[in-house]
Amino acid sequence: MRIALGLEYDGSAYCGWQTQPSGCSVQDAVDAALSEIAAHTVQSQCAGRTDAGVHALGQVAHFDTSARRPLSAWVRGVNALLPKSIAVQWAREVSDDFHARKRATGRVYSYLLLNRHERPGVHHARIGWHHRPLDLGLMQEAASWLIGTHDFSAFRAAECQAASPVKELRRAQIHRFGGLILFEFAADAFLHHMVRNFVGGLVKIGEGAHPPVWLKEVLDGRDRERAAPTFPPDGLYLTAVEYDAAWGLPAPLAGMPSDVFMSAGLASITLS
């Protein structure tokens, strides 16, 4: 039997999704809980291997099991065994040809950035921060250059293992809610550090270090060294993974962008 899961987690205490010998990853915690409920060793596979410190509101994973359990066991039972920072949101039985990563048609990432002079306290591990004022209009203009199918080598980490740097960025939107700036990116797939590198470049433009067209020049140049430094992981969320409706999985998180920061417990910042 193959089971698909929807997951959310606060990644600040973990070394990323991918299993590690030290057992410090989100996957290590999830697989341990699944294995206990299944009464055999379980190895899950996810749609997006988030980095250390990166969060998820809409991660999707699948695993195979010989155990016959009600779907509620894969939700409430697994949640009873997981750390409080990780939670299963839903479980569905799927056919054997479903694969959380390979069958995904798109992914959505959001980056939450606090834009004020003072650094965050309570939300320090769940939100990025930039102390200089940022011009929303300049960043929105620059982000428009990224939309479409491009070679995104300039925004790709050196250790990226993707077969090709060519991806289709379908949406790039930036919103301001008081002291909070929300960046949203939707694509067929993302390269390693791609979103954090987007945000790093857009912040440079927002503070006036470069004109908006500079981002297009960086994109066209395909040279990582010409781009801005990688932004910290704290404010990055895997918001949704998209699949064909035929799989019968719950729809991705709706109502964005407001649901993203409400789910993160950051609504009070919008009043700053």
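Below is a table of values for the structure above.
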{"quantity": "Residue satisfying all of: in region 174-196; surrounded by fewer than 22 Cβ atoms within 10 Å (Cβ to Cβ) and over 15 Å from the mean Cα position of the chain (by Cα); nearest to Ala142 (Cα to Cα) among these", "calculated": "His175"}
{"quantity": "Condition check for Arg170: in contact with a strand residue (DSSP E or B) (Cβ under 8 Å, 6 or more places away or on another chain), assigned to a loop (DSSP other than H, G, I, E, B) and surrounded by fewer than 17 Cβ atoms within 10 Å (Cβ to Cβ)", "calculated": "no"}
{"quantity": "Qualifying residue in region 156-166 (condition: in contact (Cβ under 8 Å) with a residue 40 or more places away in the chain, surrounded by fewer than 21 Cβ atoms within 10 Å (Cβ to Cβ) and among the β-branched types (Val, Ile, Thr))", "calculated": "no"}
{"quantity": "Of all residues making up region 3-30, the number that are out of contact with any Lys or Arg (no Cβ under 7 Å at 6 or more places or on another chain) and closer than 12 Å to Ile86 by Cα", "calculated": "13"}
{"quantity": "Residue within region 25-41 that is assigned to a loop (DSSP other than H, G, I, E, B) and in contact with a helix residue (DSSP H, G or I) (Cβ under 7 Å, 6 or more places away or on another chain) present", "calculated": "yes"}
{"quantity": "Test: residue in region 192-204 that is among the basic types (Lys, Arg) and in a helix (DSSP H, G or I)", "calculated": "yes"}
{"quantity": "Residue check for Ile37: among the β-branched types (Val, Ile, Thr) and under 24 Å from His123 (Cα atoms)", "calculated": "no"}
{"quantity": "Filtered residues of region 166-197 (kept if hydrophobic (A, V, I, L, M, F, W, C) and in contact with a helix residue (DSSP H, G or I) (Cβ under 6 Å, 6 or more places away or on another chain))", "calculated": "Ala172, Ile174, Phe177, Leu180, Phe183, Phe185, Met194"}
{"quantity": "Criterion (closer than 19 Å to His55 by Cβ and free of Cβ contacts under 8 Å to residues at least 40 places away in the same chain) met by exactly one of Gly121, Gly137", "calculated": "Gly121"}
{"quantity": "Matching option when the condition is in contact with a Lys or Arg (Cβ under 6 Å, 6 or more places away or on another chain) and among the hydroxyl-bearing types (Ser, Thr, Tyr), among Ser110, Ser153", "calculated": "Ser153"}
{"quantity": "Contacts under 7 angstrom Cβ, first residue in region 1-27 being among the β-branched types (Val, Ile, Thr), partner surrounded by fewer than 17 Cβ atoms within 10 Å (Cβ to Cβ), 6 or more apart", "calculated": "Ile3/Glu93"}
{"quantity": "Selection count where residues are exposed (fewer than 12 other Cβ atoms within 10 Å of the Cβ) and in a loop (DSSP other than H, G, I, E, B), scope region 74-118", "calculated": "8"}
{"quantity": "Members of region 213-235 that are touching a residue at least 12 places away in the same chain (Cβ under 8 Å) and more than 25 Å from the chain's Cα centre (by Cα)", "calculated": "Val213, Trp214, Gly221"}
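None of the figures in this text is laboratory data; all of them are computed from the coordinates on show. If you're wondering where the values come from, they're calculated on a predicted model, not measured in any experiment. For neighbour counting, all protein chains shown are included, and Cβ atoms are generated from backbone atoms with ideal geometry for every residue, glycine included.
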